[in-house]
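The structure appears below as C-alpha cells.
The values are calculated or read from the model by the stated rules, or taken from the named source; none is laboratory data. Quick caveat, the model's predicted, so the values are computed rather than measured. Here the Cβ positions follow ideal geometry from the backbone for every residue, glycine too, while neighbour counts run over all protein chains shown.
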Amino acid sequence: MNISMYSNMFISYCQNKVGTLPADVSDFCEIIAIENPHRRITSLDLYGHRASRKDFVLLKLAKAETYAELGQMELAKKLYEEAIARFPSETFTHQMYAIHLVSIGKLSEAERELEALVEIDPTGTLIGFDSLEDSVLEQILISLGVLWGERDEIDRARGIYEKIIELNPNSAIAHNNLSNLLTEQFGEHEKAREHYERALEIDPDYADAHFNLAILLTNNFDEHGGAREHFERALELEPDIVNAHNDLAVLLTNNFDEHEKAREHYERALEIDPDYALAHTNLALLLSKNFDEHEKAIEHYERALEIDPNDSTPHVLLAGLLMHHSNEFERAREHFERALEIDPDDTETHYFLAVLLTEQFGQHEKAREHFERALEIDPDDTETRSSLSNLLENHFNQC
C-alpha cells in the first residue's frame, strides 16, 4: 500500500475517534512514513513504550503492515488478530485487516472481515477512503459493494459503486457492477446502458461487460443485432462463459432463425457444464420444435429434471411432448400435475391439463375445474373460455 495513503488513513482514524489529532499523532505519522521497514519497526517499538491505551490499535496495525511488507505474513496476521481480539468492535481494525488480506490475495478471508465490519457498523462507514490511488483500496470497496449486493443492501451497494466512480472514473468494474444493480434492482435501464458502455470504453476487452450489455440490449431495448455482437465478442474474449453460449443460442433461434448455430452454442454450453439445467431445457425445445428430434429432446428434458426437479418449465414442455408426439398420456398427466404443484397459478398448464383430461381420460369434471381455475387467474383468456364453453355444451348440456 502507498505509505502516504496509509498515513492519511491513520490520521482520518484519529480524527474520527477523538475529533482532534492527539498530540503525538504527528510523530506516529512520521514513523509510519519511514521507508526502511526495519527502521520503521524499531521506531514503532520505541513509540510503543510511551503510547497510550487508545494508540494500541494504531501501533499493532502499523507493525502488522510493516511485517507484511517484510514478508513475515504469519507475524503480521498475529498482530492483526491481537488488535481485533483486544478491540473486536473497532471497525478500523477489520477494515485494515481486510485491505491487507485483499493485497495478498486472500479474498475469502477478507470477505469475512468485511462481513464483521458490516455487522459492527451497518451504516458502512469506512475511514480514510478519500481517493483511490491504490488498486487494493478499490478492490476492497468493490468487494464491499458485492457483499452488500448479496445481502440485498442495494442502496448501500449502489452508493459504494458510485463513490468508487467519483474517486476513480476509470474503474471499469465499478461501472459494470453499478450497471448490474441499476438494471436488476432499480429498473434504470438507460443509466445502466451508459455505465456498461463506459466500462467498455475504459476496457474494450472486458468480457463480462460485453455479456451484461448484450443481455440488457436484447431484453430491454430490442436491439438484437447489437446484443449479438456483444455476446459474440464476450465469447471471443472468454470462450467458456457458459451463460453467454446459452443466451446467444436463445437470441439466434428466437430473433435470427439460425437454429443450427443455436444448437452448436447449446451443445457447447453443455460441454462446459453438463449440469446446466436451463441449457438442457432450451436445447430440448429447439430439438423438438426445429429438428423434429423428439426422442433426443425427451432425454434433455429428463436430464434437466434430474438436475432441478423443482423447475416447472421442463415439466410442462416434456408433458406437451409426451402428449403430442409419444402418446404417453399418463406420463404427460404426471408432469402437468407436478408442474402445478410447483406453480399453481400457471394458466397454460391448467389449460393443457384440462385438454388432456377431457380428450384422453374422459374426466370432464376435472377438466372443467382446470379450465375454470385458468379463467380465475386470467379472465381474458379467450381460448380457455372457448374450450370451457365447448366442454360445457358437449358434456354438461350447458350452452
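Taking L287 as the residue in question, decide whether it is touching a Lys or Arg at 6+ places or on another chain (Cβ under 6 Å) and part of a helix (DSSP H, G or I).
yes
Just to confirm my filter: which helices (runs of 4 or more DSSP H) fall fully inside the stretch 295-373 and include at least 3 residues that are out of contact with any Leu (no Cβ under 6 Å at 6 or more places or on another chain), modelled with pLDDT of 95 or more and under 17 Å from A277 (Cα atoms)?
Ranges flagged: 312-321.
With the requirement that a residue be of a type in the set (G, A, S), at pLDDT 85 or above and buried (at least 19 other Cβ atoms within 10 Å of the Cβ), what does the stretch 126-167 give you?
The answer is G149, A157.
Hey, among D205, D247, D240, which residue is within 30 Å of S171 (Cβ to Cβ), among the acidic types (D, E), touching a helix residue (DSSP H, G or I) at 6+ places or on another chain (Cβ under 8 Å) and buried (at least 16 other Cβ atoms within 10 Å of the Cβ)?
D247
Return yes when A277 is surrounded by 23 or more Cβ atoms within 10 Å (Cβ to Cβ) and at pLDDT 95 or above and no when it is not.
no
Would you point out the residue of the stretch 346-370, among those that are buried (at least 21 other Cβ atoms within 10 Å of the Cβ) and more than 41 Å from the chain's Cα centre (by Cα), that is farthest from L391 (Cα to Cα)?
Filtering the stretch 346-370 for residues that are buried (at least 21 other Cβ atoms within 10 Å of the Cβ) and more than 41 Å from the chain's Cα centre (by Cα), the one farthest from L391 (Cα to Cα) comes out as L357.
Condition first: closer than 19 Å to L287 by Cβ and either in contact (Cβ under 8 Å) with a residue 40 or more places away in the chain or not acidic (D, E) (or both). Can you find one or more residues in the stretch 339-351 that meet it?
no
Kindly list the number of the only condition in (1) assigned to a helix (DSSP H, G or I); (2) over 26 Å from D205 (Cβ atoms); (3) not hydroxyl-bearing (S, T, Y) that fails for D257.
(1)
Quick one: N170 ticks every box in (1) at pLDDT 85 or above; (2) assigned to a helix (DSSP H, G or I) except a single one, so which number is it?
(2)
State all residues of the stretch 260-274 that are part of a helix (DSSP H, G or I) and surrounded by fewer than 23 Cβ atoms within 10 Å (Cβ to Cβ); if no residue qualifies, say none.
Result: E260, K261, R263, E264, E267, R268, L270, E271, I272.
Which of the residues that make up the stretch 18-57 are aliphatic (A, V, I, L, M) and at pLDDT 75 or above?
Those that are aliphatic (A, V, I, L, M) and at pLDDT 75 or above: I31, I34, I41, L44, L46.
Tell me which residues, restricted to the stretch 60-73, are within 33 Å of the chain's Cα centre (by Cα) and either modelled with pLDDT of 85 or more or farther than 14 Å from R40 by Cβ (or both).
Result: M73, single match.
Starting from residues that are under 24 Å from N255 (Cα atoms) and acidic (D, E), keep the ones in the stretch 280-324 and report whichever is surrounded by the most Cβ atoms within 10 Å (Cβ to Cβ).
Among residues in the stretch 280-324 that are under 24 Å from N255 (Cα atoms) and acidic (D, E), the one surrounded by the most Cβ atoms within 10 Å (Cβ to Cβ) is E293.
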